[in-house]
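Have a look at the structure below, then the notes.
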Amino acid sequence: MALQCAHCYKHFSIAKVTESRGKGLSVEVQCPHCAAWLGHNKALAMIKIVGFYSGVIAALVAYFVEGVTHITTPLIILAVIVVGLSHIMDHLNMVEAPEDDASINKK
């Protein structure tokens, strides 16, 4: 999986990441090219998680409870749309710029 740095705009593999900090949704990685700290938007990650599990719960309710498909089908469709849009919008944001911005031009 290739990631793109929000500071130097170079692509890098997640396997090339050597520095990281934080845990869970607050994890940040350091770009191997320019040393900028990058992280995901926590609100979009939470929306993605809530959308996914609400779709799964609605699908399980529709499967096991009779006569609720007219309610659960639109909920499943809405959950798929929410997960898709939040996934598309979720990209790496620069959390902390590198100390030496001249290193971008050298590499």
message: Which numbered condition in (1) touching a residue at least 12 places away in the same chain (Cβ under 8 Å); (2) closer than 17 Å to Leu3 by Cβ is the only one that Glu99 fails?
response: (2)
task: Mind listing just one residue for me: the one in segment 81-101 that is modelled with pLDDT of 90 or more and surrounded by 13 or more Cβ atoms within 10 Å (Cβ to Cβ) and, of those, nearest to Tyr9 (Cα to Cα)?
output: His87
message: Checking Leu38 against (1) open to solvent by less than 30 Å² (accessible area, probe 1.4 Å); (2) farther than 30 Å from Leu3 by Cα; (3) not basic (Lys, Arg), only one condition comes out false. Which one?
response: (2)
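For (1) out of contact with any Cys (no Cβ under 7 Å at 6 or more places or on another chain); (2) polar (S, T, N, Q); (3) loosely packed, with under 12 Cβ neighbours inside 10 Å, each residue gets a yes or a no:
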site	(1), (2), (3)
Gly51	yes, no, no
Gly55	yes, no, no
Val65	yes, no, yes
Thr69	yes, yes, no
query: Hey, any hits in segment 65-79 for a residue that's in contact with a Ser or Thr (Cβ under 6 Å, 6 or more places away or on another chain), over 30 Å from Lys10 (Cβ atoms), assigned to a helix (DSSP H, G or I) and free of Cβ contacts under 8 Å to residues at least 60 places away in the same chain?
result: yes
- prompt: From the set of residues in segment 3-35 that are of a type in the set (Gly, Ala, Ser) and at negative phi, which is surrounded by the fewest Cβ atoms within 10 Å (Cβ to Cβ)?
  reply: Ala15
message: Of the residues Ile76, Ile104, only one is among the β-branched types (Val, Ile, Thr) and either surrounded by fewer than 13 Cβ atoms within 10 Å (Cβ to Cβ) or at pLDDT 85 or above (or both); which?
response: Ile76
task: Starting from segment 4-26, take each residue that is in contact (Cβ under 8 Å) with a residue 12 or more places away in the chain and list its partners that are assigned to a helix (DSSP H, G or I) and open to solvent by less than 60 Å² (accessible area, probe 1.4 Å), counting only C-beta distances under 9 angstrom and pairs at least six apart or across chains.
output: His7/Ile104; Cys8/Ser103; Cys8/Ile104; Lys10/Ile104; Leu25/Ala45
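The values are calculated or read from the model by the stated rules, or taken from the named source; none is laboratory data. All values reported here derive from a predicted model rather than from experimental measurement. A quick note on method: Cβ atoms are made from the backbone with ideal geometry, for glycine too, and the neighbour counts reach across all protein chains shown. The area values use the complete protein model at the heavy-atom level, side chains included, leaving out ligands, DNA and RNA. Shrake-Rupley method; radii C 1.70, N 1.55, O 1.52, S 1.80 Å.
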